[in-house]
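*Asks:* Quick one: this structure, given as structure tokens, is what I'll be asking you about.
The numbers here are math on the coordinates, done by the rules we state, and not lab data. Because the structure is predicted, anything quoted here is derived from the model rather than measured. Glycine also receives a Cβ, built like all others from the backbone with ideal geometry; neighbour counts cover every protein chain displayed.
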Amino acid sequence: MAAIYSLYIINKSGGLIFYKDYGSKGRMDTNDSLRVASLWHSMHAISQQLSPTTGCTGIELLEADTFDLHCFQSLTGTKFFVVCEPGTQNMEALLKVVYELYTDYVLKNPFYEMEMPIRCELFDINLTQAIQKDRVALLGR
Amino acid sequence: MIGAGKIKQYANILEKPLGKGKQEVSLSAFAFLFSELVQYNQTQVDNISELETRLEDAGYAVGARVLELLCHREKGNRRETRLLGILSFVHSTVWKVLFGKVADSLEKGTEHEDEYMISEKELLVNKFISIPKDMGTFHCGAFVAGIVRGVLDNAGFPAVVTAHFVPVEGQQRPRTTILIKFAEEVLQREARLG
């Protein structure tokens, strides 16, 4: 089974506003997840500066021996990234789905404060459904 | 040319019939606007019940206008005068125009004679809203309750209308019930009319 290890959402200043892990691998405590989030934010920013070509939008995929990290940055600078098993497909599509859920259930919620940690029941419910659907789709192939 | 001649040309613009216009508005646009309404009112109040009252008042103004408009547009300037008539008017006509569908159910309260309930699985205004745990029983449906009160009150059926969450077994999300409690005079009049 292709596995998603964890999902992060970081705001435009690099603060972790959402973290969720799936399954036992790659589980981290709160401090570690915060560290990964701000590290990734900085690396992403540095990569934009160091890129030899102009118009670089930052790292989209990081491949390591034991995991892949797919990142999607929205126009406002909010970053969504998912850590998964090496070679997992369709992660870009999944990140777009997560982005869509974020715009729907977080940004349209009057009780959500911008740039603050996400605590929205509907977002959690719909995210769980989306991830499950993604797993089923992967199993079906 | 493809498509040429499909649109009828009118020499005089005044002869062109008026279009019916688009019947629906964007849900996103509404959701953002409603979210702003709630956020703005939140800055103006000290407690949750006050916020609910303000949302209800905002809805009341909508209800009053909707009644006027729909009586003219759908009912040929006639207005319902009986209790069940006005309730089904709210449940079907008003709901359809505002939310694009008929309300899920309309029931009579079992405990009290003067109570009626309109239930909805997922209220349109609540579609994207998660109420934080610390806000207790607060319900954004107060706005819809206000609309219902506006319609009823202006039709001559004064009532107290409130919105509640009702948990449903086996469902993650609770249902919304709009509770309508009519004033005494309404029931007395109904009894007189027979």
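*Asks:* Return the loop-located trypsin sites (Lys or Arg not before Pro) in segment A:1-58 (DSSP other than H, G, I, E, B) with at most 10 other Cβ atoms within 10 Å of their own Cβ; answer none if there are none.
*Replies:* Loop-located and lightly packed - none at all.
*Asks:* With a point put 7 Å past each Cα toward its Cβ, work out how far B:Phe32 is from B:Val160 in nm, to one decimal.
*Replies:* With each label point 7 Å from Cα toward Cβ, the separation is 3.9 nm.
*Asks:* What's the FRET efficiency of A:Thr66 with B:Lys133 using the Cβ-Cβ distance as r and R₀ = 41 Å, to the nearest 0.05?
*Replies:* 0.65
*Asks:* Another question about this same structure. Please give the FRET efficiency for B:Gln23 paired with A:Glu85, using the beta carbon to beta carbon distance and R0 = 45 Å, rounded to the nearest 0.05.
*Replies:* The computed FRET efficiency comes out at 0.40.
*Asks:* Give a quick list of GluC sites (Glu not before Pro) in segment B:85-134 that DSSP marks as loop, anything other than H, G, I, E or B, with at most 15 other Cβ atoms within 10 Å.
*Replies:* Taking segment B:85-134 and a limit of 15 other Cβ atoms within 10 Å, the loop GluC sites (Glu not before Pro) found are B:Glu111, B:Glu113, B:Glu122.
*Asks:* Quantify how strongly other chains surround peptide B:34-40 by giving the mean number of their Cβ atoms within 10 Å of each of its Cβ atoms. Spell out each step's value before the answer.
*Replies:* Details: counts 2, 6, 1, 1, 3, 5, 1.
That works out to 3 on average.
*Asks:* What are the membrane-span-like helices in chain A by this rule: whole DSSP H runs, Cα extent along the axis at least 18 Å, mean Kyte-Doolittle hydropathy at least 1.6? Don't skip to the end; give the middle numbers.
*Replies:* Numbers: long enough: A:30-50 (30 Å, -0.20); A:121-140 (29 Å, 0.21).
Span-like helices, by this rule, are absent here.
*Asks:* Return one number: the angle in degrees, 0 to 90 and rounded to the nearest 10, between the long axis of the Cα atoms of helix B:48-74 and the longest principal axis of the Cα atoms of chain B.
*Replies:* 40 degrees
*Asks:* Sticking with this one: Between segment B:128-157 and segment A:61-116, what is the separation of their alpha carbon centroids in Å?
*Replies:* The distance from the Cα centre of segment B:128-157 to that of segment A:61-116 comes to 34 Å.
*Asks:* Whole number please: convex hull volume per residue of the Cα set in chain B, in Å³? Don't jump to the answer; show the numbers that get you there.
*Replies:* Details: hull volume 37.5 nm³, N = 194.
So the per-residue Cα hull volume is 193 Å³.
*Asks:* Add -39500 (n - 2.57) for each DSSP H run of 4 or more in chain A, then divide by its residues: what number comes out at 222 nm, to the nearest 500 deg cm²/dmol? Before the final figure, lay out the partial values.
*Replies:* Values: 3 runs with 52 residues, N = 141.
Using -39500 (n - 2.57) per qualifying helix, the result is -12500 deg cm²/dmol.
*Asks:* At B:Asp57 and B:Glu111, where each label point lies 7 Å from the Cα along Cα→Cβ, what is the point-to-point distance in nanometres?
*Replies:* Inter-label distance under the simple model: 2.9 nm.
*Asks:* Using Cα pairs under 8 angstrom and six or more residues apart, how large is the relative contact order of chain A, in percent?
*Replies:* 25 percent
*Asks:* Same structure again: What GluC sites (Glu not before Pro) in segment A:61-141 are in a loop by DSSP, with at most 14 other Cβ atoms within 10 Å of the Cβ?
*Replies:* When the GluC sites (Glu not before Pro) of segment A:61-141 are filtered for loop state and at most 14 Cβ neighbours within 10 Å, A:Glu113, A:Glu115 remain.
*Asks:* What angle, in degrees between 0 and 90 and rounded to the nearest 10, separates the Cα long axis of helix B:27-44 from the longest principal axis of the Cα atoms of chain B?
*Replies:* 40 degrees
*Asks:* Only Cα pairs under 8 Å and at least 6 apart count here; give the relative contact order of segment A:59-141 as a rounded whole percent.
*Replies:* Relative contact order comes out at 19 percent.
*Asks:* Something else now. Pairs of Cα atoms under 8 Å, at least six residues apart: use those to get the relative contact order of chain B, whole percent.
*Replies:* 22 percent
*Asks:* Based solely on its DSSP helices, what 222 nm [θ] is calculated for chain B when runs of n ≥ 4 H residues each add -39,500 (n - 2.57) and the sum is averaged over all residues, nearest 500 deg cm²/dmol?
*Replies:* Taken over chain B, the calculation gives -13000 deg cm²/dmol.
*Asks:* Still on this model: Calculate how steeply helix B:184-193 sits against the longest principal axis of the alpha-carbon atoms of chain B, using the helix alpha-carbon long axis, and give the answer as 0 to 90 degrees to the nearest 10.
*Replies:* The angle comes out at about 70 degrees.
*Asks:* According to a simple spin-label model (label point 7 Å from Cα along Cα-to-Cβ), what is the distance in nm between B:Ser49 and B:Lys75?
*Replies:* 3.3 nm
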